[in-house]
1. Which ones in the range 29-70 are in contact with a Lys or Arg (Cβ under 8 Å, 6 or more places away or on another chain), modelled with pLDDT of 95 or more and exposed (fewer than 15 other Cβ atoms within 10 Å of the Cβ)?
2. Scan the range 71-87 for residues that are surrounded by 10 or more Cβ atoms within 10 Å (Cβ to Cβ) and either basic (Lys, Arg) or farther than 16 Å from Leu110 by Cβ (or both) and report the count.
3. Restricting attention to the range 88-112, and to residues there that are without any contact (Cβ under 8 Å) to a residue 40 or more places away in the chain and under 19 Å from Pro35 (Cβ atoms), which single residue is farthest from the chain's Cα centre (by Cα)?
Amino acid sequence: MKRLIIIIFLSLFLNSISIAEKYECAYIFDDKAKPASFERSGNFFILGNNMSQDKILFENENAIFLTQVYINDNVPMGYMTVIDKVKLNFVMAGLRFENSTSIIQGSCDLVK
């Protein structure tokens, strides 16, 4: 019985450690280096300085797909971010009819 309790405790402890993730990334935009960070918070990733919460659309051992949806003045806009966990890079774009954002991409470090 003690072994079972120890095994359950260790598995819960190790799972909670693996959930803490923060990706510190960088990209070039308008010939300037820019930072981007993505930190896990439950079923979301917080971008930058709590600027937005992106929902995890899909995740496996290789990648994380994040989404964010806005509707401003009855105009919908969606953001998609893909983080490659193996290659440690990301790509992000905002989609809006006739006014989509540029595609940004860069490399990342896993810091947590």
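1. Of everything in the range 29-70, those that are in contact with a Lys or Arg (Cβ under 8 Å, 6 or more places away or on another chain), modelled with pLDDT of 95 or more and exposed (fewer than 15 other Cβ atoms within 10 Å of the Cβ) turn out to be Glu61, Asn62, Ala63, Thr67.
2. Within the range 71-87, the first condition is being surrounded by 10 or more Cβ atoms within 10 Å (Cβ to Cβ), and the residues that meet it are 75-85, 87.
Right, trim to either basic (Lys, Arg) or farther than 16 Å from Leu110 by Cβ (or both) and you get 75-80, 85, 87.
Result for the range 71-87: 8.
3. Looking only at the range 88-112, we keep the residues that are without any contact (Cβ under 8 Å) to a residue 40 or more places away in the chain, and these are 91, 93-101, 103.
Next, from what is left, pick out any that are under 19 Å from Pro35 (Cβ atoms): 91, 93-94, 101, 103.
On the way: Val91: 10, Ala93: 13, Gly94: 15, Thr101: 18, Ile103: 16 Å.
The extreme case among them is Thr101.
The values are calculated or read from the model by the stated rules, or taken from the named source; none is laboratory data. These numbers were taken from a predicted model, which means no experiment stands behind them. Using ideal geometry, Cβ is built from the backbone for each residue, glycine included, and neighbour counts are taken over all protein chains shown.
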